[in-house]
Structures are given as structure tokens and as C-alpha cells.
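Peer 1: Just passing along the structure, written as C-alpha cells.
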Amino acid sequence: MASIVMFCILAAVILGSAVMCVTTKHIMRSVTFLLFVLLGVAGLYFLLDYTYLGAAQISVYAGGMVMMYIFAVQLVSKRTLQGLVERVKGCRAFSYALICLVGLATVAGVQLKNGFISVLVEGKEVPMQTIGEALLGSEKYQYVLPFEFISVFMLACIIGAIVVARKEKEDK
């Protein structure tokens, strides 16, 4: 019973912080709410007794990614940030909702196609060897290439932040 209550509290924190992250007008508050989302996900890992994943979530994402965002925000001038307030119009809100529904349908389709939902209904646990092979494999439906792409993308973001920082110093 206690784990269900803790799950509900963490779910409320994650959902509330995620909504506030995308709806706030202040970028530093948005990064702070993102930190709460990432810490809430780490709390879910700890609740499931996945201590390694929880610690990795805190150290890699909640620590590293949020620090990168904060430094990127600090590198951008205040004049650039002042003009970023934008109101969401009705047609845009409809298109955003449509994009969310398409994303939800895509995720549901992938889960149904790969049989993840049937595994959850049957109560079987996926063996750790299967998960490891999926994460480290480069064949179809395996994930080493997306992880490598994300690491190259993050490197490009860091290089871009350095270029922006150097460009501002040259302007002064």
C-alpha cells in the first residue's frame, strides 16, 4: 500500500512539473521544473528497486543535462530571451494536440507490435539478457545506433554553445 501511495505522489510530481515546464514563460523556472521531472523519474526507479538506474538518472540526466541547459541559458543574452514570450493561438493548440495524439498512437502501435502490452498483462518479466542485447545490438529494433546519434547530437550542442560564447566575447 505504501508503494502505491509513493507512486501516486511521484506521478503527481512528474506530471505537474512536466506541465509547468512547458507552460511557464520564464526559462530558468522551466529548467527547474525539468529537474523535478528527472528527479521524480529517478524516484520511480528507486521505488522499483532499480538503484543503479536511479543513480544513473540522477547523475547523468538530472545532473549533467540540467547543468548543460543552465549554462546554455546563461550563454544566451537577456535581450534575446526577452522577445521569446509567445501566446498560443487556437489553431496552434489544435495542431499541438494533434501531434500529441499522433505520438501517442505511434507509441501504442510500437508497444502492440512488439508485444510489450501482452507481456505486461501476462505478468512475465523480460529477462535482463534480452534487455542487454536490445540495448547493445545494432540490428533491427536494437538501440546502440540511436544512443550513438544522441551522443553526437549532444556534442554538437556543446560545440554550438562554445561558438555562441566566443562570438559574444568578440562583439564586446
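The values are calculated or read from the model by the stated rules, or taken from the named source; none is laboratory data. Since the model is a prediction, treat every value here as computed from it, not as a measurement. Every residue, glycine among them, receives a Cβ derived from its backbone with ideal geometry; neighbour counts consider all protein chains shown.
Peer 1: Determine which single condition residue 52 fails, assuming it passes every other condition in (1) farther than 20 Å from residue 21 by Cβ; (2) at pLDDT 85 or above.
Peer 2: Here residue 52 clears every test but (2).
Peer 1: What residue, of 8, 21, is on the phi < 0 side of the Ramachandran plot, exposed (fewer than 14 other Cβ atoms within 10 Å of the Cβ), of a type outside the set (D, E, K, R) and at pLDDT 80 or above? Break it down into steps so the answer makes sense when it comes.
Peer 2: Numbers: 21 fails: exposed (fewer than 14 other Cβ atoms within 10 Å of the Cβ).
Answer to the check: 8.
Peer 1: Assess whether residue 66 counts as being surrounded by 12 or more Cβ atoms within 10 Å (Cβ to Cβ) and touching a Gly at 6+ places or on another chain (Cβ under 6 Å). If you could, list the steps in order and put the result at the bottom.
Peer 2: On the way: surrounded by 12 or more Cβ atoms within 10 Å (Cβ to Cβ): yes; touching a Gly at 6+ places or on another chain (Cβ under 6 Å): no.
Here the answer is no, as residue 66 does not meet what is asked.
Peer 1: List pairs: first in the stretch 154-172 and of a type outside the set (A, V, I, L, M), second in a helix (DSSP H, G or I) and modelled with pLDDT under 75, Cβ under 8 Å, 6+ apart or cross-chain?
Peer 2: 157/68; 157/72; 168/75
Peer 1: So, one more: Using the structure shown, decide if residue 58 is surrounded by 11 or more Cβ atoms within 10 Å (Cβ to Cβ), at pLDDT below 75, among the aliphatic types (A, V, I, L, M) and out of contact with any Cys (no Cβ under 9 Å at 6 or more places or on another chain).
Peer 2: For residue 58, the condition - surrounded by 11 or more Cβ atoms within 10 Å (Cβ to Cβ), at pLDDT below 75, among the aliphatic types (A, V, I, L, M) and out of contact with any Cys (no Cβ under 9 Å at 6 or more places or on another chain) - is not met.
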